[in-house]
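The values are calculated or read from the model by the stated rules, or taken from the named source; none is laboratory data. The structure presented is a predicted model; accordingly, all values stated were derived computationally and were not measured. Positions of Cβ are backbone-derived with ideal geometry, glycine not excepted, and every protein chain shown enters the neighbour counts. These accessible areas exclude ligands, DNA and RNA; they are computed on the full protein's heavy atoms, side chains included. Shrake-Rupley method; radii C 1.70, N 1.55, O 1.52, S 1.80 Å.
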Amino acid sequence: MSEFTNPDIGLDSTTPTGGFNFENVHRNALIESQLQKASSNSSTKNNITPLATKTGTTIVGLVYKNGIVLGADTRSTNDTTVADKNCEKIHYIAPNIYCCGAGTAADTEKTTELISSQMELLRMNTGDGQSRVVTACTMLKRMLFRYQGYVSAALVLGGCDVNGPHLYQIYPHGSTGKLPFTTMGSGSLAAMAVFEEGFKDDLEEEEAVELVKRAILAGIFNDLGSGSNCDTTVIRLDGTVVHGRNCIMPNEVKPLRDSVKRSDVLNMRKGTTAVLKSTFKPRKSGFGVTLADVTVTPMET
């Protein structure tokens, strides 16, 4: 135990065998005392307790009769600013495996890219067969556990292999769970409410896709960190994959903008500024570089 969690450093303290655990009380008191000392030595005299970074996303997945359906919103945020209205949060892992990512955008992108590359190398080393979903889950959880949560990637992994459809939720610290349906991200509570109301075993594909769309829309309209459009990916047992990029665009602003009639007073028409003089000088022949002037040198191998 560290000095942040154990109040009796250097003493013979034993771990309680039962009851509640109040380790964080001592940790928080020590952090607050250190912040007070730091603020007393500074000129600003501000005592600001560090807060956890807040991210916004709604990602979902469910198992239906013949495969997996994944869904995600398309809003990317930077604090309280919408950085990207139409980003992609469903990442490729293998031809039969895809992964939704919530958390830090760079972490989710590079984590899934790294595991996708490792899965490709594993397929080539083992006869170029079909990847197993549990293999991707193991690689992802081992990597995230190694970094102890500092790689902020909360993932929903789904795919179909010889053992059937599989859906996993993977937390940033490396813990995982295999579930028939799951949601993650800041809009997960709204999406989970839709799933718990509408999910049932052996859903047809059309019913599963519509349920995923409803869950994502619940996150879009009820969570400030989620928004813009809805993406879906259907992974079937026969190996085919169907991508529904921007399958629902509830916040499309083009019709609204087209309906607004703007004043024509500020438009600068052609000819508003007078052309006083115009000249054209053709290029003289014999100047410039041609292919005959280029020397090709063979590359050393």
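Can you list the strands (runs of 3 or more DSSP E) found entirely within the range 66-130 that contain at least 1 residues being under 22 Å from Y147 (Cα atoms)?
90-94, 97-103
Taking the residues in the range 239-248 that are open to solvent by less than 90 Å² (accessible area, probe 1.4 Å) and not β-branched (V, I, T) as candidates, determine which candidate is farthest from G71 (Cα to Cα).
Among residues in the range 239-248 that are open to solvent by less than 90 Å² (accessible area, probe 1.4 Å) and not β-branched (V, I, T), the one farthest from G71 (Cα to Cα) is G239.
For the range 189-201, give me each residue that is over 16 Å from I90 (Cβ atoms), in contact (Cβ under 8 Å) with a residue 60 or more places away in the chain and part of a helix (DSSP H, G or I).
A190, F195
How many of the residues making up the range 114-148 are open to solvent by 70 Å² or more (accessible area, probe 1.4 Å) and closer than 18 Å to V63 by Cα?
Summing the residues that are open to solvent by 70 Å² or more (accessible area, probe 1.4 Å) and closer than 18 Å to V63 by Cα in the range 114-148 gives 2.
Filter the range 177-191 down to the residues that are open to solvent by 50 Å² or more (accessible area, probe 1.4 Å) and closer than 24 Å to L237 by Cα and list them by number.
Passing the criteria: K178, L179, P180.
Select, from N96, N66, N125, N163, the only residue that is under 20 Å from the mean Cα position of the chain (by Cα) and of a type outside the set (K, R).
N96
Between V194, V151, which is at pLDDT 95 or above, open to solvent by 10 Å² or more (accessible area, probe 1.4 Å) and more than 19 Å from the chain's Cα centre (by Cα)?
Of V194, V151, the one residue that is at pLDDT 95 or above, open to solvent by 10 Å² or more (accessible area, probe 1.4 Å) and more than 19 Å from the chain's Cα centre (by Cα) is V194.
Limited to the range 257-280, what total is found for residues that are in a loop (DSSP other than H, G, I, E, B) and either among the hydroxyl-bearing types (S, T, Y) or open to solvent by less than 80 Å² (accessible area, probe 1.4 Å) (or both)?
Number of matching residues: 9.
Does the range 132-140 contain any residue that is over 15 Å from the mean Cα position of the chain (by Cα), of a type outside the set (S, T, Y) and part of a loop (DSSP other than H, G, I, E, B)?
The answer is yes; a qualifying residue exists.
Restrict the check to the range 162-176 and report whether at least one residue is farther than 14 Å from I97 by Cα, in a loop (DSSP other than H, G, I, E, B) and hydrophobic (A, V, I, L, M, F, W, C).
The answer is no; no qualifying residue exists.
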